[in-house]
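The structure under discussion appears below in the form of structure tokens.
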Amino acid sequence: MLTPTQQRVWDDLLDPGGNRPTVDPGLARRLRQALETEASDSLERVGAPGSAGGPSWIPGRDPAVIVVSKHLLGQVHQCERQLLASERVGFEWNATIVQGMLAHKAIELKCGFIAGAGGPVPPAALVQLAGQRLIDDEHGPAAWLRSAPPGELAEAYAAATDGVTKFEDTFPPIDARWRPRVESRLKVQLAGGRVELSGKVDLVLGQASGHEARTLIIDLKTGRPALGHPADLRWYALLETLRVGVSPYRLASFYLDSGDWRHEDVDEDLLWSTVRRVTDGIARLLELRVAHRTPTESPGPACRWCIDRAHCPSASTDLPGFSPSDD
Ligand code: SF4
């Protein structure tokens with residue numbers, strides 16, 4: 001028997017009896033062609049990375065390839081100066097990021113068990129297993145998990161268990177017949193592989209049938225709704241459309257703390273506006289990193305947590321709870 005919230009998700013979000021649109025079979029080809037043309041033009045304008053005597057790139061990355069992720073695209077559209085400042089500092093694992101990874105990994109394992117690897121497993125055990133899997137993977141937060149203070153580690157595991165439990169009692173039990181995909185990687189290569197669009201979707205349900213859109217993409221969120229969440233989902237919708245040739249029919253951000261969600265249905269306008277956002281982002285990234293253009297400053301809510309705000313002349317102080325003397 002479903003909880004009332006699970007029933008609401010079933011009826012209003014999953015909507016199993018609802019109409020599913022048919023997608024123009026030439027749409028994906030036209031979207032890809034637009035991306036190809038714009039990406040190649042942008043590379044041409046700044047000089048192709050990786051060429052002899054060519055531009056430098058982010059240390060540790062293949063100099064011939066620019067990898068565009070949801071996060072990078074969001075950053076370059078939010079504030080270019082902040083993006084460059086955060087890249088100078090580099091990335092560090094912390095308890096908040098790791099707890100999110102633990103919860104996502106645990107939900108991935110949960111779907112693996114549903115798919116036939118075993119019976120139901122309680123959330124805390126799933127999170128323990130997720131932690132072990134992450135420790136075994138040297139590309140992730142293994143070092144942080146091995147060396148974090150016991151208190152921080154316990155908080156991360158407890159928060160992840162909380163997230164998995166909330167997912168279980170608000171989202172209908174996932175059925176293997178829904179073709180669930182968790183932490184599903186999507187990649188699109190453009191301009192002969194010099195530009196790579198990369199994403200990892202939290203949860204995908206359903207599968208296209210011929211030209212009929214039957215896929216629902218879901219982003220699981222632990223915080224509150226934010227302005228950037230719909231754009232993140234549209235990014236996944238574009239990558240999935242290019243991969244399959246058929247778009248998803250619906251996108252949703254699902255908020256674990258409230259058991260609520262925001263969704264929008266996918267149409268051609270949404271995909272074309274996403275292409276424009278992506279090509280504009282690629283052009284900006286190339287101008288900043290290759291042509292070393294001076295970054296623009298875009299004051300706004302992001303100034304609150306910006307690592308460069310002490311030095312930035314445009315830093316917004318007109319924010320609730322913000323003091324110019326804040327460190
Ligand atoms: S303080 Fe605000 S405007 Fe300045 S770099 Fe940071 S986010 Fe951008």
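The values are calculated or read from the model by the stated rules, or taken from the named source; none is laboratory data. Nothing here was measured: the structure is a model prediction, and the numbers come from that model. Note that each Cβ is placed from the backbone with ideal geometry, even for glycine, and that neighbours are counted across all protein chains shown. Calculation scope for accessible area: heavy atoms of the full protein, side chains included, ligands and nucleic acids excluded. Shrake-Rupley method; radii C 1.70, N 1.55, O 1.52, S 1.80 Å.
In whole Hz, with x marking every Gly and Pro, tabulate ³J(HN,Hα) for the range 17-26 from phi via Karplus 6.51 cos²θ - 1.76 cosθ + 1.60, θ = phi - 60°.
x, x, 5, 10, x, 9, 9, 4, x, x
In whole percent, and with a 1.4 Å probe on the protein chains, what portion of the accessible area of the range 153-288 is carbon and sulfur?
Details: 2460 of 5490 Å².
Here carbon and sulfur together make up 45 percent of the probe-accessible area.
Taking 7 Å along the Cα-to-C-beta vector as the label spot, tell me the Glu138-Phe91 distance in nanometres, rounded to one decimal.
1.8 nm
Over the chain, with a Gaussian network built from C-alpha contacts below 10 Å, which listed residue (Leu227, Leu73, Leu109) shows the highest mean-square fluctuation?
Result for the chain, Cα springs under 10 Å: Leu227 fluctuates most.
By average Cβ neighbour count within 10 Å, what is the ranking of 214-221, 175-182, 28-35 from highest down?
Values: 214-221: 22.5, 175-182: 14.6, 28-35: 16.5.
For the peptides 214-221, 175-182, 28-35, the packing ranking is 214-221, 28-35, 175-182.
Run down the lysines and flag those whose C-alpha is under 18 Å from the C-alpha of Lys166, throwing out any fewer than 8 positions away in its chain.
Candidates past the 8-residue exclusion: Lys105, Lys110, Lys221.
What is the spin-label model distance, in nm, from Asp280 to Asn19 if the labels are put 7 Å beyond Cα along the C-beta direction?
Rounded to a tenth, the inter-label distance reads 3.1 nm.
Rounded to the nearest 0.05, what FRET efficiency do Asp175 and Thr37 have when you use their Cβ-Cβ distance and R0 = 41 Å? Intermediate results must be reported in sequence, preceding the final value.
Numbers: r = 42 Å, r/R0 = 1.02.
E between Asp175 and Thr37, to the nearest 0.05, is 0.45.
So with the 1.4 Å probe, I'd like the accessible area per residue for the chain, rounded to whole Å².
Numbers: 16550 Å² over 327 residues.
Result: 51 Å² of accessible area for each residue.
Could you compute the FRET efficiency for Ala291 and Met1, with r as their C-beta to C-beta distance and R0 at 51 Å, rounded to 0.05?
Details: r = 60 Å, r/R0 = 1.18.
After rounding to 0.05, the efficiency reads 0.25.
Once you charge only the Cβ atoms, +1 for Lys and Arg and -1 for Asp and Glu, what is the size of the charge dipole of the range 95-171 about its Cα centre, to the nearest 20 debye? Spell out each step's value before the answer.
Values: 5 positive and 9 negative charges, 19 e Å.
Here the size comes out at about 100 debye.
Given 4 °C and 1.567 mPa s, compute D for the range 95-171 with the Stokes-Einstein relation, Rh being the Kirkwood radius over Cα pairs; round to the nearest whole µm²/s.
Numbers: Rh = 12.4 Å.
Taking Rh from Cα pairs, D becomes 105 µm²/s.
Skipping prolines and chain starts, which residues have an amide H placed within reach, meaning under 5 Å, of the one on Gly300, given they are 5 or more residues away or on another chain?
Ser316
Skipping prolines and chain starts, which residues have an amide H placed within reach, meaning under 5 Å, of the one on Cys79, given they are 5 or more residues away or on another chain?
Residues meeting the amide H criterion: none.
Sequence-distant or interchain residues sharing an amide H contact under 5 Å with Asp219, placed H: which?
Under 5 Å from the amide H of Asp219 lie the amide H atoms of Ala252, Ser253, Phe254, each far enough along the sequence or on another chain.
If the reach is capped at under 16 angstrom between alpha carbons, list the lysines near Lys187, excluding any in the same chain fewer than eight residues apart.
List returned: Lys70, Lys200.
What does the extension gain come out to for Arg224 and Arg243, with contour length at 0.36 nm per residue minus their alpha carbon separation?
Values: separation 19, 0.36 × 19 = 6.84 nm, distance 3.02 nm.
Using 0.36 nm per residue and subtracting the Cα-Cα distance, I get 3.8 nm.
Tell me, what is the FRET efficiency for Asp12 and His71 to the nearest 0.05, using R0 = 30 angstrom and their Cβ-Cβ distance as r? Write out the running numbers ahead of the final one.
Details: r = 29 Å, r/R0 = 0.98.
So, using R0 = 30 Å, E works out to roughly 0.55.
In a shell of Cβ-Cβ distance under 12 Å around Leu251, excluding Leu251 itself, what net charge do Lys and Arg (+1) and Asp and Glu (-1) give? The partial results should precede the final answer.
Numbers: positive: Arg234, Arg250, Arg262; negative: Asp202, Asp219, Asp232, Glu240, Glu264, Asp265, Asp267.
Neighbourhood net charge equals -4.
Output wanted: per-residue J couplings in Hz (rounded whole) for the range 268-281, from phi through Karplus 6.51 cos²θ - 1.76 cosθ + 1.60, θ = phi - 60°, x for Gly and Pro.
After applying 6.51 cos²θ - 1.76 cosθ + 1.60, I find 5, 4, 4, 5, 5, 5, 5, 4, 5, 5, 5, 5, 5, x Hz.
What is the Cα convex hull volume of the chain when expressed per residue in Å³? Display every interim value, and only then the final one.
On the way: hull volume 52.7 nm³, N = 327.
Once divided by residue count, the hull of the chain is 161 Å³.
Just for the chain, what percent of DSSP beta bridges are antiparallel, to the closest 5? It would help to have the intermediate numbers written out before the result.
Details: 20 of 30 bridges.
Given both bridge residues lie in the chain, the antiparallel proportion sits at roughly 65 percent.
Could you work out how far apart the two model spin labels at Gln189 and Ala124 are, taking each label as a point 7 Å from the Cα in the direction of the beta carbon, and quote it in nm?
About 4.7 nm separates the two model spin labels.
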